[in-house]
Amino acid sequence: MVRFTVLASGSKGNSTVISGGRTRILVDAGLSCRELFRRMKIVGEDPETLDAIIITHEHQDHINGLAVTARKLGIPVYFTEATHRAWMRWLTPRRQMSYAQWIELCRKQAAERQAESDNASQPGDPAETDPEETEADCAVASAQLQKPAPAGPPSMKEDPTWLPAVEYFEAGRPFAIGDIGLSPFTIPHDAADPVGFVFGAEGVRMGLATDLGYITPNIKLQLRRLDLLLLESNHDLEMLRDGPYPWSVKQRVLSRVGHLSNDAAADFLSNTYDGQAAYVILAHLSENNNLPELARVAAERALAGKASLLANRLLLAEQHQPLVPVIF
């Protein structure tokens with residue numbers, strides 16, 4: 001049995017559970033660990049059976065509960081390398097010092113090295129200090145501010161980036177986690193290395209494509225011959241333009257590395273989509289710049305010529321409650 005369960009979808013948190021064979025994976029962890037577990041139990045999924053977490057990109061609504069969830073379950077997290085690095089930079093506080101503090105640290109370090117050199121010199125021999133070495137020491141002086149790593153797994157306060165295990169994947173290179181095959185593909189979004197996925201299990205193919213500014217030719221090729229398609233339908237253009245967001249944020253959302261509008265999603269469904277998926281799920285709907293009715297109407301019109309008894313049953317993923325599991 002294959003199950004596809006959207007736990008949450010929207011700007012306040014995104015997460016989906018995919019089950020196939022003996023394998024269960026969590027795609028993104030944008031809710032707190034407690035809320036993720038609560039929603040999984042609502043839909044009949046046991047958090048303790050998760051085998052891995054896989055991350056599409058490092059924005060907070062996709063990784064908010066990541067570290068706590070992975071630590072609690074002791075399971076690996078799969079990233080692209082660039083996404084993992086971006087996530088670590090975001091969590092690691094930057095240590096800063098003033099120029100005066102840096103100079104004082106350099107002086108103390110030079111004095112310590114001078115004392116060591118004097119103690120090591122034979123009586124009557126001049127002490128030698130290499131100016132280049134002193135400058136090199138100053139260049140790495142800030143490293144002395146780092147505390148030694150504690151024994152055993154660190155706490156969240158000691159190291160918020162520690163995970164039980166990290167695995168890297170690359171867009172364009174399929175791989176597998178247990179009984180589930182994954183084909184990651186690049187998407188245009190303002191993140192370090194964002195990806196969408198096509199998942200395969202027991203002959204069922206499921207595509208996930210959200211957080212993308214537009215649908216590239218490669219994405220069009222990936223989202224074919226699917227049994228389930230989860231597609232972003234983020235905003236209504238008029239609501240966004242007339243809405244409360246600052247103009248800079250509106251420009252970001254509307255850009256080619258922003259989010260897909262209802263019109264853009266409908267255009268894909270009408271003109272490019274092959275119509276084969278049994279389920280089409282609209283996802284990542286904005287609570288401020290969209291209405292479920294607007295997204296649904298746009299998609300239904302686009303799918304009107306492709307409706308059948310076996311395909312294109314339209315569902316809308318929600319932010320505040322999980323979607324009923326889709327079972328194959």
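Condition first: of a type in the set (D, E, K, R), within 20 Å of N234 (Cβ to Cβ) and in contact with an Asp or Glu (Cβ under 7 Å, 6 or more places away or on another chain). Now tell me which residues in segment 153-211 satisfy that.
D211 - this is the single residue of segment 153-211 that is of a type in the set (D, E, K, R), within 20 Å of N234 (Cβ to Cβ) and in contact with an Asp or Glu (Cβ under 7 Å, 6 or more places away or on another chain).
Which residue out of N290, N312 is within 24 Å of E35 (Cβ to Cβ) and in contact with a helix residue (DSSP H, G or I) (Cβ under 8 Å, 6 or more places away or on another chain)?
Of the residues listed, the single one that is within 24 Å of E35 (Cβ to Cβ) and in contact with a helix residue (DSSP H, G or I) (Cβ under 8 Å, 6 or more places away or on another chain) is N290.
Please note which strands (runs of 3 or more DSSP E) are completely contained in segment 1-80 and include at least 2 residues that are among the small types (G, A, S) and either within 11 Å of the chain's Cα centre (by Cα) or closer than 23 Å to F169 by Cα (or both).
Strands (runs of 3 or more DSSP E) meeting the threshold: 15-20.
Looking at segment 9-23, which of its residues are in contact with a helix residue (DSSP H, G or I) (Cβ under 7 Å, 6 or more places away or on another chain) and surrounded by 18 or more Cβ atoms within 10 Å (Cβ to Cβ)?
Passing the criteria: S11, G13, N14, S15, V17.
Sort out which residues of segment 298-328 are closer than 24 Å to L237 by Cβ and modelled with pLDDT of 95 or more, and write them in order of number.
Across segment 298-328, the qualifying residues are A298, A299, E300, R301, A302, L303, L314, L315, L316, A317, E318, Q319.
Given (1) outside any helix (DSSP H, G or I); (2) closer than 24 Å to I42 by Cβ; (3) over 24 Å from the mean Cα position of the chain (by Cα); (4) of a type outside the set (G, A, S), where does Y273 come up short, assuming only one miss?
(2)
(1) in a loop (DSSP other than H, G, I, E, B); (2) in contact with a helix residue (DSSP H, G or I) (Cβ under 6 Å, 6 or more places away or on another chain); (3) at pLDDT 55 or above: which one isn't true of A110, the others all being true?
Every listed condition holds for A110 apart from (1).
D263: over 22 Å from G13 (Cα atoms), assigned to a loop (DSSP other than H, G, I, E, B) and of a type in the set (D, E, K, R), yes or no?
No; evaluated as a whole, the condition is false for this residue.
The values are calculated or read from the model by the stated rules, or taken from the named source; none is laboratory data. These numbers were taken from a predicted model, which means no experiment stands behind them. Neighbour counts are summed over all protein chains in view; Cβ atoms, including those assigned to glycine, are modelled from backbone coordinates with ideal geometry.
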